[in-house]
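Colleague: The structure is given below, and queries will be raised subsequently.
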Amino acid sequence: MKKGIFFILTLFFFNATFSQEAQDFVVTSPNGKIKVSILVGEKITWSVLHEKNQILAPSSISMTLDQNEVLGKNALVLNSKREKVNTTFESPFYKKSTIKNQYNLLLLNFKNGFSIEYRVFDDGAAYRFITQKKKDITVKSEEVSLNFDQDYGSLMPYVRDLRNPKDPYISSFEAHYANKKISEFAKDTLAFLPFLIDFKNQKKAVFLEANLQDYPGLFVTNNASKSGFQSRFSKYPLQEKNGGFNNINLLITERADYLVKTKGTRNFPWRIIVISENDKDLANNDMVQKLSEPTKIKDISWIKPGKVAWDWWNDWNIYNVDFKAGINTETYKYYIDFASKNKVEYVVLDEGWSLEDDIMKHSPNVDLETLIAYGKERNVDIILWCSWMALTKNTEGILKNYANLGIKGFKVDFLDRDDAKMVNSIYDIAQKAADNKLLIDFHGMHKPTGIQRTFPNILNFEGVKGLENNKWTPNDDVPTYDCSIPFIRMMAGPMDYTPGAMRNATKSEFKPSNSAPESQGTRCHQLALYTIFEAPLQMMADSPTAYMKEQESTNFIAKTPTTFDETVAIDGEVGKFVALARRKASTWYLGAITNWDSREITIDFSFLEKGKKYEAEIFSDGINAEKAAVDYKREIIAVDSATKLKYRLAGGGGLAMVIKY
């Protein structure tokens, strides 16, 4: 009897000692190309291989809670679970109707009530912390380290200098990409996600996050060894005051020493690496959708994507009329008439229709009720601009009031933060808007992280340096940026870039203008953006007068959908060019753009259904587009799945098509 007890005790202590030694776990992608290795010891690290290439060197992860409890320090694995998943799901108002969701899963359950879940797909890998605490918790910090085995190139959107006396976490999230090596990451600065690492062997990786709820967004800064990056998060706001542009921002005057106080049992955001062997695949990636929560809105039949006649970028600059153009009822009737004639679904009333700090008080020059009725008679609905600060003074009351009047949505601006308080506010606005059957366009906003799947009444986000900014920035290289964001920023979700300029300029001729703004690049570059850039609610940035003078281009924009059933990435190279085709029902739409380098591209029409003859309406750069960026050629030709055509894109140029049978 005593010998038996001694054996059991010996076995117990042996297992207890063994379980606290470093443990290795491996999970691979369904196709076997990606291998994620997890080491659980004094720290928890993960590394990622793609075939023989090291994408991520061993990188530690942890989460520090109150009472200095560190999830990930000397962690004890209780058990593990593996699962193979191969499903599909529908995501409304997206670039494709059905998404394939195949991955291998590893769930590690640890002592002290937490888990880490890893998912490995054929195109990337992700992990998230999960806690199972009985009481609420305070998250003090999170460690997300990203280490690399070599000094690779990166495309990094910087946000602010950490030495700046202003709060470095207050940002419009509008930045071009700095093309530098990892070691050249500017010291004491922050960058936001997504960003790209170039492995110089045709492979690239983009780093993102998804399912950001009740938690701050992730920033990165350089690590001490200059071989990678480490995480930074904005602390929870305690005190705020009015400030910023027109005094309509809430500036943070005091922050807590923690990230968030939250539920003890919950899932935390996904940390994601997407890996590509071909640049074009990044422009047709669904990872954020796959890692986001399904819709919380049972009836989505009232949600109507579409295009918007927009006033602000063109400075209400209409002419050949017998009234004074501006923020007034007559001008907006003109916008509505234009939208109705061209079957544009919405008109937005941007700043000026109300008091900026009290949107329940209208401008005496804007008869809102008359405009709503006028639009309804012409099948045009109204969307209202407002600041986040003004809306959140009485979110539920304001949304209910304007929904009852017949307004269809709000463009909410100047959020300019992604701390946990702001993230929670975004979910609150989305839910209350859905309760009142209202659409939301979050302008002045951080990048999306999948909330558009959860709340599909959110049809767009900014978090991009779009056309509205570009009209004042002659030193920005806009065509190169346009050829970069489909492979980086657009992976996170839709972009309120606001294309559609009818005044187009070459690199040498572009000049800033407020009331007669121009775009960098050709007319066809602008037309192509309506297919390339994802935006279920897509602005038409120029004035009705400009569009009516260019009716042929306007017709093309007006008939291009804003959501699609299928997307095919034809070709592309980050920062140089991109070509995408998208299908809506049986009609295909194609867009291609280039940076300031003119180039010849080949369009392979093999994405078309075999055996059918199609008619392609094609807008290509005109022979004189290098000098006159407005120059284009329109032609209609027959094509089929065997067709291959070469086109020369002018510097800053583009190509746009509608293909139907």
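Colleague: Could you go through segment 531-543 and let me know if any residue there is touching a residue at least 24 places away in the same chain (Cβ under 8 Å), assigned to a helix (DSSP H, G or I), more than 20 Å from Thr449 (Cα to Cα) and more than 15 Å from the chain's Cα centre (by Cα).
Modeller: Here is the first cut: in segment 531-543, the residues touching a residue at least 24 places away in the same chain (Cβ under 8 Å) are 531-543.
Filter once more, keeping what is assigned to a helix (DSSP H, G or I): 531-532.
Adding the requirement that they be more than 20 Å from Thr449 (Cα to Cα) leaves 531.
Those left that are additionally more than 15 Å from the chain's Cα centre (by Cα): 531.
There is at least one residue in segment 531-543 that is touching a residue at least 24 places away in the same chain (Cβ under 8 Å), assigned to a helix (DSSP H, G or I), more than 20 Å from Thr449 (Cα to Cα) and more than 15 Å from the chain's Cα centre (by Cα).
Colleague: State the number of residues belonging to segment 207-226 that are among the small types (Gly, Ala, Ser) and either buried (at least 17 other Cβ atoms within 10 Å of the Cβ) or touching a Gly at 6+ places or on another chain (Cβ under 8 Å) (or both). Full working, then the answer.
Modeller: Residues of segment 207-226 among the small types (Gly, Ala, Ser): 210, 217, 224-225.
If we keep only those that are either buried (at least 17 other Cβ atoms within 10 Å of the Cβ) or touching a Gly at 6+ places or on another chain (Cβ under 8 Å) (or both) too, we end up with 210, 217.
Residues meeting the conditions: 2.
Colleague: Another question, then. Scan segment 68-92 residue by residue and report those that are at pLDDT 95 or above and assigned to a loop (DSSP other than H, G, I, E, B).
Modeller: Glu69, Gly72, Lys73, Asn74, Ala75, Leu76, listed by residue number.
Colleague: Would you be able to say whether some residue in segment 466-474 is in contact (Cβ under 8 Å) with a residue 12 or more places away in the chain and touching a Leu at 6+ places or on another chain (Cβ under 6 Å)? Lay out the reasoning, then the answer.
Modeller: From segment 466-474, those in contact (Cβ under 8 Å) with a residue 12 or more places away in the chain are 466-474; that's our starting set.
Now restrict to residues that are touching a Leu at 6+ places or on another chain (Cβ under 6 Å): none.
The answer is no; no qualifying residue exists.
Colleague: In segment 172-206, what residues are surrounded by 19 or more Cβ atoms within 10 Å (Cβ to Cβ) and either assigned by TED's automatic domain parsing to the domain that holds Arg453 or at positive phi (or both)?
Modeller: Scanning segment 172-206 gives a single hit, Phe173.
Colleague: Does segment 494-517 contain any residue that is buried (at least 23 other Cβ atoms within 10 Å of the Cβ), of a type in the set (A, V, I, L, M) and farther than 20 Å from Gly409 by Cβ?
Modeller: Scanning segment 494-517, I find at least one residue that is buried (at least 23 other Cβ atoms within 10 Å of the Cβ), of a type in the set (A, V, I, L, M) and farther than 20 Å from Gly409 by Cβ, so the answer is yes.
One line per residue, one yes/no per condition, for (1) at pLDDT 90 or above; (2) over 30 Å from Glu573 (Cα atoms):
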{"position": "Phe185", "(1), (2)": "yes, no"}
{"position": "Phe195", "(1), (2)": "yes, no"}
{"position": "Lys204", "(1), (2)": "yes, no"}
{"position": "Pro216", "(1), (2)": "yes, yes"}
{"position": "Ala224", "(1), (2)": "no, yes"}
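Colleague: Failed condition for Leu415, given (1) in contact with a strand residue (DSSP E or B) (Cβ under 8 Å, 6 or more places away or on another chain); (2) of a type in the set (A, V, I, L, M, F, W, C); (3) assigned to a helix (DSSP H, G or I), with all others met?
Modeller: (3)
Colleague: Here's another thing I want to ask about it. Among Asn74, Asn68, Asn86, which is farther than 30 Å from Tyr236 by Cβ and either among the small types (Gly, Ala, Ser) or surrounded by fewer than 16 Cβ atoms within 10 Å (Cβ to Cβ) (or both)? Walk me through how you get there before you give the answer.
Modeller: On the way: Asn74 fails: farther than 30 Å from Tyr236 by Cβ; Asn68 fails: farther than 30 Å from Tyr236 by Cβ.
Exactly one residue qualifies, and that residue is Asn86.
Colleague: Taking Ile637 as meeting all but one of (1) farther than 29 Å from Phe338 by Cβ; (2) of a type outside the set (Phe, Trp, Tyr); (3) in contact (Cβ under 8 Å) with a residue 24 or more places away in the chain, write down the number of the exception.
Modeller: (3)
Colleague: Looking at Val159, Val120, which one is farther than 19 Å from Asn68 by Cα and at pLDDT below 95? So that I can check it myself, show each step before the final result.
Modeller: Numbers: Val120 fails: at pLDDT below 95.
Selected residue: Val159, the only one of Val159, Val120 that is farther than 19 Å from Asn68 by Cα and at pLDDT below 95.
Colleague: While we're here: Taking the criterion of being assigned by TED's automatic domain parsing to the domain that holds Thr498, over 19 Å from Asp477 (Cα atoms) and not charged (D, E, K, R), would at least one residue in segment 569-578 satisfy it? Quick ask: steps written out before the conclusion?
Modeller: Here is the first cut: in segment 569-578, the residues assigned by TED's automatic domain parsing to the domain that holds Thr498 are 569-578.
Next cut, over 19 Å from Asp477 (Cα atoms) only: 569-571.
Filter once more, so that each one left must be not charged (D, E, K, R): 569-570.
Yes: segment 569-578 contains one or more residues that are assigned by TED's automatic domain parsing to the domain that holds Thr498, over 19 Å from Asp477 (Cα atoms) and not charged (D, E, K, R).
Colleague: Need at least 1 residues that are surrounded by fewer than 17 Cβ atoms within 10 Å (Cβ to Cβ) and at pLDDT 95 or above per element, so show me which helices (runs of 4 or more DSSP H) inside segment 306-403 make the cut, counting only ones lying wholly within it. Full working, then the answer.
Modeller: Working: elements: 329-341, 368-377, 388-391.
Correct list: 329-341, 368-377.
Colleague: If you don't mind, there's one more thing I want to ask. Need the failing condition index for Ile458 against (1) among the aliphatic types (A, V, I, L, M); (2) outside the structural domain of Ser340 (by TED's automatic domain parsing); (3) without any contact (Cβ under 8 Å) to a residue 60 or more places away in the chain, just the number.
Modeller: All conditions pass for Ile458, except number (2).
Colleague: When the residues of segment 459-493 are filtered to those that are farther than 20 Å from Asp597 by Cα and aromatic (Phe, Trp, Tyr), which remaining residue is surrounded by the most Cβ atoms within 10 Å (Cβ to Cβ)?
Modeller: Checking each candidate, the answer is Phe461.
Colleague: On the basis of being farther than 30 Å from Thr138 by Cα, under 18 Å from the mean Cα position of the chain (by Cα) and not assigned by TED's automatic domain parsing to the domain that holds Ala256, does Ile440 make the cut? Talk me through it step by step, then tell me what you get.
Modeller: On the way: farther than 30 Å from Thr138 by Cα: yes; under 18 Å from the mean Cα position of the chain (by Cα): yes; not assigned by TED's automatic domain parsing to the domain that holds Ala256: yes.
Yes; evaluated as a whole, the condition is true for this residue.
Colleague: Here is a follow-up. Pick from Tyr152, Tyr118, Tyr169: which is within 21 Å of the chain's Cα centre (by Cα), not assigned by TED's automatic domain parsing to the domain that holds Asp476 and not basic (Lys, Arg)? If you could, list the steps in order and put the result at the bottom.
Modeller: On the way: Tyr152 fails: within 21 Å of the chain's Cα centre (by Cα); Tyr118 fails: within 21 Å of the chain's Cα centre (by Cα).
It is Tyr169.
Colleague: I'm checking my understanding of the structure. Among residues of segment 421-472 that are at pLDDT below 95 and in a helix (DSSP H, G or I), which one is farthest from Asn401 (Cα to Cα)?
Modeller: Among residues in segment 421-472 that are at pLDDT below 95 and in a helix (DSSP H, G or I), the one farthest from Asn401 (Cα to Cα) is Asn470.
Colleague: Continuing with this model, one more query. Among what's in segment 473-484 and is touching a helix residue (DSSP H, G or I) at 6+ places or on another chain (Cβ under 9 Å) and either β-branched (Val, Ile, Thr) or assigned to a loop (DSSP other than H, G, I, E, B) (or both), pick the residue that is farthest from Thr506 (Cα to Cα).
Modeller: Among them, the one singled out is Asp476.
Colleague: Go over the candidates Asn223, Asn211 one by one and state the one that is at positive phi, assigned by TED's automatic domain parsing to the domain that holds Asp66, touching a Phe, Trp or Tyr at 6+ places or on another chain (Cβ under 8 Å) and in contact (Cβ under 8 Å) with a residue 24 or more places away in the chain.
Modeller: Working: Asn223 fails: at positive phi.
Matching residue, one of Asn223, Asn211: Asn211.
Colleague: For segment 510-528, state whether one or more residues are under 17 Å from Ser620 (Cβ atoms), modelled with pLDDT of 95 or more, outside the structural domain of Lys95 (by TED's automatic domain parsing) and in a strand (DSSP E or B).
Modeller: Quick first cut of segment 510-528, residues under 17 Å from Ser620 (Cβ atoms) only: 521-528.
Now restrict to residues that are modelled with pLDDT of 95 or more: 521-528.
From the residues that got through so far, the ones that are outside the structural domain of Lys95 (by TED's automatic domain parsing) too are 521-528.
If we keep only those that are in a strand (DSSP E or B) too, we end up with 521.
Within segment 510-528, one or more residues are under 17 Å from Ser620 (Cβ atoms), modelled with pLDDT of 95 or more, outside the structural domain of Lys95 (by TED's automatic domain parsing) and in a strand (DSSP E or B).
Colleague: Also, quick follow-up: Within segment 491-504, is even one residue under 30 Å from Val321 (Cβ atoms) and either among the polar types (S, T, N, Q) or in a strand (DSSP E or B) (or both)? Let's see the steps before the verdict.
Modeller: Within segment 491-504, the first condition is being under 30 Å from Val321 (Cβ atoms), and the residues that meet it are 496-504.
Filter once more, keeping what is either among the polar types (S, T, N, Q) or in a strand (DSSP E or B) (or both): 498, 504.
The answer is yes, given that some residue of segment 491-504 is under 30 Å from Val321 (Cβ atoms) and either among the polar types (S, T, N, Q) or in a strand (DSSP E or B) (or both).
Colleague: Within segment 404-441, how many residues turn out to be closer than 30 Å to Arg160 by Cα and either surrounded by fewer than 21 Cβ atoms within 10 Å (Cβ to Cβ) or not basic (Lys, Arg) (or both)? Show your work before the answer.
Modeller: Going residue by residue through segment 404-441, those that are closer than 30 Å to Arg160 by Cα are 410-430, 440-441.
This time we only want the ones that are either surrounded by fewer than 21 Cβ atoms within 10 Å (Cβ to Cβ) or not basic (Lys, Arg) (or both), so: 410, 412-416, 418-430, 440-441.
Residues flagged as closer than 30 Å to Arg160 by Cα and either surrounded by fewer than 21 Cβ atoms within 10 Å (Cβ to Cβ) or not basic (Lys, Arg) (or both) within segment 404-441 amount to 21.
Colleague: Separate question: Every residue in segment 262-305 that is within 15 Å of the chain's Cα centre (by Cα) and in a loop (DSSP other than H, G, I, E, B), please.
Modeller: Passing the criteria: Ala283, Asn284, Asn285, Asp286, Leu291, Ser292.
The values are calculated or read from the model by the stated rules, or taken from the named source; none is laboratory data. For clarity, every value in this text was computed on a predicted model and none was experimentally measured. As a convention, Cβ positions derive from the backbone with ideal geometry for all residues, glycine included, and neighbour counts pool all protein chains shown.
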